[in-house]
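Below is one structure, written out as C-alpha cells, with a few remarks after it.
The values are calculated or read from the model by the stated rules, or taken from the named source; none is laboratory data. Predicted model, so just to flag it, every value in this text is computed and none were measured. Here the Cβ positions follow ideal geometry from the backbone for every residue, glycine too, while neighbour counts run over all protein chains shown.
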Amino acid sequence: MEQEIFLPTLSSMEHGNVWTGSRKNARWRIVPADGVMNVEVWPGPLCYECSQVADTAQFPVSEEGIDQLRSWLMQQSERL
C-alpha cells in the first residue's frame, strides 16, 4: 500500500504555521507567507539544519495549492 502524505488544513496554512514531514527518504519543510507555501525538500535521514536542500517550490495557499503540493511531494519522495 502506498503511503499517503498528510498535510495540514488550509486554515493552518492561512495562519502561517510551518509544517515538516517525510515520506520514504524525502524530508520537507513548508513555510507559508504572503499567500504562497514555500517548500524545501532534502534527502534523509538527517534534519533540515544538517542537510543540503535538493529542491524548492512555491504553491498558492489554497485547496488547489495543497493538492498540487501533495502531488509534488509524492514525486519528490519517489525521486529521492
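Residues in the range 53-76 that are more than 14 Å from ILE5 (Cβ to Cβ), among the charged types (D, E, K, R) and exposed (fewer than 14 other Cβ atoms within 10 Å of the Cβ): GLU63, GLU64. Looking only at residues that are part of a loop (DSSP other than H, G, I, E, B) and exposed (fewer than 11 other Cβ atoms within 10 Å of the Cβ) in the range 1-14, which one is modelled with the lowest pLDDT? Out of the qualifying residues, it is MET1. Which of the residues spanning the range 19-52 are among the hydrophobic types (A, V, I, L, M, F, W, C), in a strand (DSSP E or B) and either within 8 Å of the chain's Cα centre (by Cα) or loosely packed, with under 15 Cβ neighbours inside 10 Å (or both)? Hits for the range 19-52 are TRP19, TRP28, ILE30, ALA33, VAL39, VAL41. Looking only at residues that are hydroxyl-bearing (Ser, Thr, Tyr) and part of a helix (DSSP H, G or I) in the range 53-80, which one is farthest from GLU40 (Cα to Cα)? The qualifying residue farthest from GLU40 (Cα to Cα) is SER71.
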